[in-house]
1. Among the candidates 174, 183, single out the residue that is out of contact with any helix residue (DSSP H, G or I) (no Cβ under 9 Å at 6 or more places or on another chain) and either farther than 29 Å from residue 296 by Cβ or part of a loop (DSSP other than H, G, I, E, B) (or both).
2. Hey, does segment 214-237 have a residue that's free of Cβ contacts under 8 Å to residues at least 24 places away in the same chain and either open to solvent by less than 40 Å² (accessible area, probe 1.4 Å) or under 17 Å from residue 311 (Cα atoms) (or both)?
3. Does residue 3 qualify as being at pLDDT 95 or above and β-branched (Val, Ile, Thr)?
4. I'm checking my understanding of the structure. Among residues of segment 259-310 that are of a type in the set (A, V, I, L, M), closer than 25 Å to residue 178 by Cα and in contact with a Phe, Trp or Tyr (Cβ under 9 Å, 6 or more places away or on another chain), which one is surrounded by the most Cβ atoms within 10 Å (Cβ to Cβ)?
5. Find the residue count for segment 98-124, including only residues that are assigned to a loop (DSSP other than H, G, I, E, B) and either in contact with a Cys (Cβ under 6 Å, 6 or more places away or on another chain) or open to solvent by less than 50 Å² (accessible area, probe 1.4 Å) (or both).
6. Please go through segment 161-188 and pick out each residue that is under 18 Å from the mean Cα position of the chain (by Cα) and open to solvent by 10 Å² or more (accessible area, probe 1.4 Å).
7. Can you tell which of 80, 92 is free of Cβ contacts under 8 Å to residues at least 60 places away in the same chain, open to solvent by 60 Å² or more (accessible area, probe 1.4 Å), more than 27 Å from residue 219 (Cβ to Cβ) and of a type in the set (Asp, Glu)?
8. Need the failing condition index for residue 205 against (1) assigned to a helix (DSSP H, G or I); (2) under 30 Å from residue 109 (Cβ atoms); (3) open to solvent by 50 Å² or more (accessible area, probe 1.4 Å), just the number.
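The values are calculated or read from the model by the stated rules, or taken from the named source; none is laboratory data. Predicted model, so just to flag it, every value in this text is computed and none were measured. Positions of Cβ are backbone-derived with ideal geometry, glycine not excepted, and every protein chain shown enters the neighbour counts. All accessible areas refer to the heavy atoms of the entire protein, side chains included, with ligands and DNA or RNA removed. Shrake-Rupley method; radii C 1.70, N 1.55, O 1.52, S 1.80 Å.
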Amino acid sequence: MRILITGSSGFIGGNLADYLLAAGHEVIGLDKRIPVVSNPGVQFQHCDVVDSPRLTAIMARFVPDAVIHLAAQTELNEKEPDAYDANIAGVENLVGAIRAAKSVRRAIFTSTQLVCHVGYVPKSDTDYAPTTLYGKSKVLTEKIVRERDGGNIEWCLGRPTTVWGPGMKPHYQRFFGMIRRGRYFHVGPRPLYKSYGYVGNVICQYLRILEAPTAQIHRKVFYLADYAPLSLRAWANAFQREFKAPPIPTCPESIARLAARLGDVINICGFKSFPFNSFRLNNVLTEYTFDLGATEAVCGPLPFTVDQGVQETVKWLNTCQT
């Protein structure tokens with residue numbers, strides 16, 4: 001199968017391109033960023049999805065059988081709506097290019113769990129409750145795909161949750177660095193269950209959805225994550241053990257809340273990089289789990305356990321620091 005991946009230089013996109021190549025597929029990678037490490041098997045095309053003429057020309061040139069759309073502005077702290085043009089105009093352009101090319105049979109359009117705020121459990125696929133401009137932009141992404149029927153092809157929407165593993169962003173690398181150096185602490189005694197996804201499992205889900213029978217995926221929404229929620233406490237402890245780092249202490253929640261308020265004041269005073277504040281504390285303490293039954297029914301067993309993911313991630317982090 002000839003597969004075009006938008007956002008192929010990103011964390012998920014780069015891992016997915018390698019995985020698809022290993023599975024015997026032909027991969028066209030498209031991104032506005034030139035990859036730092038280029039896989040020679042990927043036919044890379046330098047293109048921003050907001051550039052409609054170039055996007056349409058690339059689609060016509062390579063005549064892909066399938067498209068996996070990952071290109072997006074994913075930063076959560078952008079304040080200007082036009083910062084998310086890639087998430088709105090970009091998907092409009094892609095749907096138009098798919099329709100014009102007439103070669104694409106199936107597409108997976110990537111959205112996000114943040115079409116609803118953390119902790120909110122949607123009652124249906126179109127029950128939205130975003131609280132960030134990023135989340136709102138992805139709601140529009142989904143609405144565009146639905147209204148234009150994905151370009152009159154077989155399509156579905158993927159909503160990755162928090163994805164972790166080799167290649168992840170520096171923000172998460174800092175988190176693991178704190179565990180390694182003994183600077184991380186648990187907040188209170190609760191296990192804090194979260195629907196996280198190891199990247200090796202998430203890219204496997206993309207391929208299996210791409211290969212599934214039409215009736216199982218067409219016009220449907222799939223959360224992409226490990227099937228069983230993990231405990232934040234147990235997950236952090238697993239990294240601590242793999243790093244052979246000092247044991248992680250527990251801070252009472254009341255003290256953590258006081259420290260977070262102090263962090264808020266420090267941020268207001270201009271020190272935006274101070275790492276602990278009420279926003280981050282609430283993210284830590286808010287449990288969120290999704291029913292992955294529909295995803296599991298299509299994708300079946302996943303290749304990595306949490307412990308295997310931790311081991312692979314630590315190997316990669318050790319390589320980054322050598």
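1. Checking each option against the conditions leaves just 174.
2. Yes, that holds for at least one residue.
3. Against the criterion (at pLDDT 95 or above and β-branched (Val, Ile, Thr)), residue 3 qualifies.
4. Keep residues of segment 259-310 that are of a type in the set (A, V, I, L, M), which gives 259-260, 262, 265-266, 268, 281, 284-285, 292, 294, 297-298, 302, 306, 310.
In the following step, the residues that additionally are closer than 25 Å to residue 178 by Cα were identified as 259-260, 262, 265-266, 268, 281, 284-285, 306, 310.
Within this subset, residues satisfying the condition of being in contact with a Phe, Trp or Tyr (Cβ under 9 Å, 6 or more places away or on another chain) are 259-260, 262, 266, 306, 310.
Numbers: 259: 17, 260: 19, 262: 14, 266: 15, 306: 17, 310: 23.
It comes out as 310.
5. Of the residues in that region, 7 qualify.
6. If the condition is that a residue be under 18 Å from the mean Cα position of the chain (by Cα) and open to solvent by 10 Å² or more (accessible area, probe 1.4 Å), then 161, 162, 163, 166, 167, 169, 170, 171, 172, 173, 174, 175 are the ones that fit.
7. Values: 92 fails: more than 27 Å from residue 219 (Cβ to Cβ).
Residue meeting the stated conditions: 80.
8. (3)
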